[in-house]
């Protein structure tokens, strides 16, 4: 440990001022002993401070400059990935800087040797990231020098050098530091910085992506990042007719709307009580009679979604299509649009008793609260389906289910939680409770609605965000922060989506 490290107490990040120039110059010269004539002239600093003052910062230790970072904003569409440093800075005119650009380009960063090892560089990188997010830019880029490359240039190419650094065969303090700060190499820039002899004029184009970047839109609609969902743990009871059933459904929708919920989610076959009047028929005939109500119910739900300004997931209902019986549901958006989803996997009992047929569409849905997926009950037990949805950018997976016994429920529950972890998404499950003694094959139900999260620091340690009381009619309301998923994808302790070995296996749907 150096004497400076022992006595250091005050570390401060500050904007660079022209009054700091002489000290700034002295520190920069000390930081590049192999390039003693490489420093910014005062006129260049004046220009940078004029056009982009918030992009020029210094870090001070006990009121002395220990390092600095300089940046400009560029329009990435005007620069090929094969560019030189001189092109980026417009031959020191900085006419490449534009407040209408989309990339924060780092044109300088250095730490005085006496202060290295104090992680001051990390603070400068963190400031750049915060500035990038504040300005809503796509990301950060810079050409990273590889000053140790001259030791290996006769034996390996720059590309091989990078691979050996990444695999820890070569220790490059600069490149390792950049990789550890979530920057990734894009390509080799040959002839990047003139007279950079130790790097053999090579640099590595490094990038960092702003996961919070939002492309400007010309519409008034925005995507909510904090979403409130409402799960309806539905009590199976006898209803006189569809109006009676809709009145009960509207009660829950009204209640959730008053709590400003963005979604109302019903269970699988929530409308099964309407089969009671057909109990004298065979089970296949009774459920086909139930399918006759589906079109009417979907229209009612769509009207309710508009009236109460809430997106409704209708659980599932039987539906006849060209003589075949399917288990389907509908997403009724609050803008009036409607989309259909199908249960893909049919249980042995559903096939044997009712003659249900499995659907064939795997899809996600865009909503004003992010991209969602919907799987009906048994489908959650097949991880390939939700993986395909996750690859399509799904944030929330909704699972309406119907289980009669606790062991059946446990399959849905445990698989739902596994899907949340492996797909780095939220998973919400909801089912029905109670008994239907007058409906054959629908006698008893067991449910405990729950919301699962990935298991990492921003989330509950057990991966359970919220849970209902088992076997009790109620609504479960839960808030979800979608940006936590973005952070997880990029900075999580483990990254199950990024770390998959796509070189040896893949999951994809057939056309």
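None of the figures in this text is laboratory data; all of them are computed from the coordinates on show. Given the structure is predicted, the values throughout are model-derived calculations rather than measurements. Cβ placement follows ideal geometry from the backbone for every residue including glycine, while neighbour counts extend to all protein chains displayed.
If I model a spin label at residue 37 and residue 306 as a point 7 Å from the Cα along the Cα→Cβ vector, what separation in nanometres do I get?
Here the answer is 7.5 nm between the modelled labels.
Which order results if 132, 332, 455 are arranged by neighbouring Cβ count within 10 Å, fewest first?
Result, fewest neighbours first: 455, 132, 332.
Please arrange 57, 412, 204, 186 by how many other C-beta atoms lie within 10 Å of their C-beta, fewest to most.
Listing 57, 412, 204, 186 from fewest to most nearby Cβ atoms yields 186, 57, 412, 204.
What FRET efficiency would be calculated for the residue pair residue 337, residue 78, taking the C-beta separation as r and a Förster radius of 30 Å, to the nearest 0.05?
0.20
For the chain, what D do you get in µm² per second when you plug the Kirkwood radius from alpha-carbon pairs into Stokes-Einstein at 10 °C and 1.306 mPa s?
Using the Kirkwood radius from Cα pairs, D works out to 60 µm²/s.
Which whole-number percent gives the relative contact order of the chain, counting Cα pairs below 8 Å spaced six or more residues apart?
The normalised contact order for the chain reaches 11 percent.
Using r as the Cβ-Cβ distance of residue 506 and residue 366, and R0 as 25 Å, what FRET efficiency do you calculate, to the nearest 0.05?
Computed FRET efficiency for residue 506 and residue 366 comes out at 0.55.
Using 0.36 nm per residue, how much length does the chain from residue 50 to residue 213 gain when fully extended, once their Cα-Cα distance is taken away?
Value of the extension gain: 56.1 nm.
Hey, rough spin-label estimate for residue 169 and residue 258, points 7 angstrom out along Cα→Cβ, what's it come to in nanometres?
Taking the simple label geometry, residue 169 and residue 258 are separated by 6.8 nm.
Please report the relative contact order for segment 228-491, taking Cα pairs under 8 Å with a sequence separation of at least 6, and give it as a percent rounded to a whole number.
20
Return the distance in nm (one decimal) between the two label points of a simple spin-label model at residue 384 and residue 352, each offset 7 Å from Cα along Cα→Cβ.
Placing both labels 7 Å along Cα→Cβ, they lie 2.5 nm apart.
Please give the length that would be gained between residue 320 and residue 29 if that part of the chain were fully extended, namely 0.36 nm times their separation in residues minus their C-alpha to C-alpha distance (nm, one decimal).
Extra length available between residue 320 and residue 29 comes to 96.9 nm.
How do 224, 50 line up, fewest other C-beta atoms within 10 Å first?
50, 224
In whole angstrom, how long is each semi-axis of the equivalent ellipsoid of segment 83-136, when you take the square root of 5 times every eigenvalue of its Cα gyration tensor and sort them from largest down?
24, 17, 7
Any idea what the relative contact order of segment 3-209 is, in percent, if you count C-alpha pairs under 8 Å spaced at least 6 apart?
It comes to 19 percent, rounded to a whole number.
Given R₀ = 51 Å, FRET efficiency for residue 494-residue 14 by Cβ-Cβ distance, to 0.05?
Efficiency at R0 = 51 Å is approximately 0.85.
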